[in-house]
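What follows is calculated from the coordinates using simple rules that are stated; it is not laboratory data. Here the structure is a predicted model, which is why all the values come from computation and not from measurement. Backbone-built Cβ (ideal geometry, glycine too); neighbour counts: all protein chains shown.
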Amino acid sequence: MSWAALVTWIVTAGGGFVLLGMWLKHGGMQQRERGRIGPAVILAHAQLAGAGLVLWIIYLAIDKSALAWIAFGLLLVVALIGFTMFGMWASGRRRPAQAEGAEQRFPVPVVGLHGVLAATTLVLVFLTAVGVGS
């Protein structure tokens, strides 16, 4: 289960990099308007997810359960930020006046797959941390 979590985490990160690249390409770093995903939010999401992934890899190498729990805690924060960004993205899709935001160029299938894989990763990391499958 811990290795499945690693695989889903890496694939999720790949989708996240695609979305981040699109956001950057379409001027996301200049967004400051209310209701749009700003640089601090999206960069914190990416950095915390990356830090959690590094901790997970270290956990797999040395098998210290405390690292699994820390990685899970980071992943919970990442998920909360991600859910907030999803809400902003979905809200903007319903309002044509906000269709110009960089995040509004995200392809729906990539957003959906990123979210499903992130949720799967969260569950797999939690199950590993509590000792299921070990």
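Key figures for this structure:
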quantity: Residue-averaged 222 nm ellipticity for the chain, from DSSP H runs of 4+ at -39500 (n - 2.57), nearest 500; calculated: -26500 deg cm²/dmol
quantity: Gain upon complete extension [Ala4, Gln30; 0.36 nm per residue less C-alpha separation]; calculated: 5.7 nm
quantity: Nearest 10 degrees, 0 to 90: helix 39-62 Cα axis against the chain principal axis; calculated: 10
quantity: Additional length obtainable on full extension of the chain from Val123 to Val77, 0.36 nm per residue less Cα span; calculated: 15.2 nm
quantity: With Cα atoms, 0 to 90° folded angle of helix 2-25 axis to the chain main axis; calculated: 20
quantity: FRET efficiency estimate (nearest 0.05) - Cβ-Cβ, Arg105 to Val132, R0 30 angstrom; calculated: 0.15
quantity: DSSP-loop GluC sites (Glu not before Pro) across segment 29-134, with at most 13 other Cβ within 10 angstrom; calculated: Glu33
quantity: Over the chain, relative contact order from alpha-carbon pairs under 8 Å, at least 6 apart, %; calculated: 42
quantity: Per residue Cα convex hull volume in Å³ - calculated over segment 49-134; calculated: 92
